[in-house]
Amino acid sequence: MRILLDECLPKDFARELPDHFVQTVPQAGWAGISNGRLLRLVTASKRFDVFVTVDKNLPHQNQTAGLQFAVVVLRAKSNRLEHILPFGPELLRSFSKFKPGQVYIVATPE
């Protein structure tokens, strides 16, 4: 699975997704780009299967139908690593279920 982490997520979260290709938005060369343009760039690049963010407004403010990758929104207390780490195992279990053009909301794990 090829995963792109939004720039609002800690880059160290990539370690929680072993056996997958993981890049952050800055590592991909897209730092500071608005969400709408970013989604178009990700689609055009065909480099990623999943885009992970904590931006709960992204699906409401941008057209996601027809994207060539899935969008996953983590419903975390904050974007601090300590609040994002618990999502690792759930994402690893769910990656195979994610379909392009769909938005998935993942709630804080219990």
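The values are calculated or read from the model by the stated rules, or taken from the named source; none is laboratory data. All values reported here derive from a predicted model rather than from experimental measurement. Note: ideal-geometry Cβ built from the backbone for every residue, glycine included; neighbour counts use all protein chains shown.
I need every pair where a residue in the range 66-82 that is closer than 13 Å to V106 by Cα has its Cβ under 9 Å from the Cβ of a residue that is of a type in the set (S, T, N, Q) and part of a strand (DSSP E or B), sequence separation at least 6 or different chains.
Listed by first residue and then by second, the contacts come to V71/T53; V72/T53; V73/T53; L74/T53.
Given the condition in contact with a strand residue (DSSP E or B) (Cβ under 8 Å, 6 or more places away or on another chain) and free of Cβ contacts under 8 Å to residues at least 40 places away in the same chain, answer yes or no: does some residue in the range 10-20 qualify? Spell out the reasoning first.
Pass one, the range 10-20, residues in contact with a strand residue (DSSP E or B) (Cβ under 8 Å, 6 or more places away or on another chain): 11, 13-14, 17, 20.
Imposing the further condition that a residue be free of Cβ contacts under 8 Å to residues at least 40 places away in the same chain reduces the set to 11, 14.
There is at least one residue in the range 10-20 that is in contact with a strand residue (DSSP E or B) (Cβ under 8 Å, 6 or more places away or on another chain) and free of Cβ contacts under 8 Å to residues at least 40 places away in the same chain.
Go through the range 68-110 and give me each residue that's of a type in the set (A, V, I, L, M) and in a loop (DSSP other than H, G, I, E, B). Break it down stepwise before answering.
In the first step, residues of the range 68-110 are kept if they are of a type in the set (A, V, I, L, M); the result is 70-74, 76, 81, 84-85, 91-92, 103, 105-107.
Hits for the range 68-110 are A76, L85.
Among the residues of the range 72-92, is there at least one that is out of contact with any Phe, Trp or Tyr (no Cβ under 9 Å at 6 or more places or on another chain) and among the β-branched types (V, I, T)?
no
From the list G32, G88, G36, exactly one residue is within 20 Å of K99 (Cα to Cα), surrounded by fewer than 15 Cβ atoms within 10 Å (Cβ to Cβ) and small (G, A, S). Which is it? Let's see the steps before the verdict.
On the way: G32 fails: within 20 Å of K99 (Cα to Cα); G88 fails: surrounded by fewer than 15 Cβ atoms within 10 Å (Cβ to Cβ).
That would be G36, the only listed residue that is within 20 Å of K99 (Cα to Cα), surrounded by fewer than 15 Cβ atoms within 10 Å (Cβ to Cβ) and small (G, A, S).
Restricting to the range 43-78, and then to whatever is modelled with pLDDT of 90 or more and touching a Leu at 6+ places or on another chain (Cβ under 6 Å), can you tell me which residue is surrounded by the fewest Cβ atoms within 10 Å (Cβ to Cβ)?
Ranking the candidates gives T43 first.
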